[in-house]
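Undergrad: First, the structure itself, so that you have it in front of you.
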Amino acid sequence: MTEDKKAISTKNLGFTISPHEECAVEEAIQLVEKHGGESVVLTLGPEQADEQVRDCLARGIDRGVVVETDGGEWDSGETAHALAQVIREENGKSPFDLILFGTESADSGCCQVGIRVAHALGLPCISAIKKLEPGKDEARAWREVEEGWEVFELPMPCVVTVKEGLNLPRYPSLRGTMKAKKKRIDRQSGMKKGAELQFLQFSYPPEQKKEVIMLGDGPATAPKIVEVLKNLEVL
């Protein structure tokens, strides 16, 4: 963590997208392959976020947008506010039909950003989806639950957050990687954090004391071992 204990130091860490986000990217690619149109990937982060955007472009996404930050921690509310602002601008240029999010990110795992963006844009939203069938005016979505499946219909445009298992994400091909170098990445800078949650600090969990009790050695320890196993309800 950083010296002030308010953030995780990412200086020596790589960045990645979560399996849920990979499925969202794959679904967007498949929908464009089937119905036509344009797919755009949007992310918020420091300069290193370009690597993940290029990865998405290599898989088949048409264009990327990076909302640049200074590398500091942004909570779910701040992230959603910035993304919603950019989506409004993008929608003014070319109206969207469907906005896909991974249910949760690979770092914080808060499961909030997609839902918050939908609220900010005034759009219907369904979360944690593992099957999706968009139509002309509405989308049908399936959520897996313990007893089976929940099926939803919602008007488009809409926001859908998807879970791992929706599809099988493809790997970037060599040809796709070469083409990705020529694809456009737009940049949005100057985004400021709103008056959201104030993070105080991280802390390490207290060290737990470990106690080792020697039961002895040789055959004489057998009754003691049996007694321990009984106390643990193993026997």
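Undergrad: Provide H35, H20, H81, H119 in ascending order of the number of other Cβ atoms located within 10 Å of each residue's Cβ, fewest first. If you can, show how the numbers build up before the last one.
TA: Details: H35 10, H20 23, H81 19, H119 13.
Placing the least packed residue first, the sequence is H35, H119, H81, H20.
Undergrad: Most mobile of D97, D186, D217 per a Gaussian network model of the chain (Cα springs, under 10 Å)?
TA: D217
Undergrad: What angle, in degrees between 0 and 90 and rounded to the nearest 10, separates the Cα long axis of helix 76-93 from the longest principal axis of the Cα atoms of the chain?
TA: 20
Undergrad: Taking the number of other C-beta atoms within 10 Å as the exposure measure, put W149, W142 in order starting with the fewest.
TA: Ranked by crowding around the Cβ, least crowded first: W149, W142.
Undergrad: Enter the angle in degrees (range 0 to 90, nearest 10) between the Cα long axis of helix 19-35 and the first principal axis of the Cα atoms of the chain, meaning the one along which they spread out most.
TA: 30
Undergrad: Find out how many positive minus negative residues lie around Q188, taking Lys and Arg as positive, Asp and Glu as negative, among other residues whose Cβ is under 10 Å from that of Q188.
TA: Details: positive: R187; negative: E68, E89, E90, D186.
For residues surrounding Q188, the net value is -3.
Undergrad: How far is helix 50-59 tilted off the main Cα axis of the chain, in degrees rounded to 10, range 0 to 90?
TA: Around 70 degrees separate the two axes.
Undergrad: Here's another thing I want to ask about it. Pick from L57, L215, L132: which residue has the top mean-square fluctuation in a GNM of the chain where Cα pairs under 10 Å get a spring?
TA: Answer for the Gaussian network model of the chain: L215.
Undergrad: Okay, moving on. Grab the other residues whose beta carbon is less than 14 angstrom from that of P134, score K and R as +1, D and E as -1, and report the net.
TA: That works out to -3.
Undergrad: Return the label of the correct value of semi-axes √(5λ) of the Cα gyration tensor in Å, as calculated from the structure shown, out of (1) 25, 21, 16; (2) 28, 22, 13; (3) 42, 25, 19.
TA: The listed entry that was calculated here is (3).
Where a number appears in this text, it was derived from the coordinates with a stated rule and is not lab data. Computed from a predicted model, the values in this text were never measured in an experiment. Cβ atoms come from the backbone with ideal geometry, glycine included; neighbour counts cover every protein chain shown.
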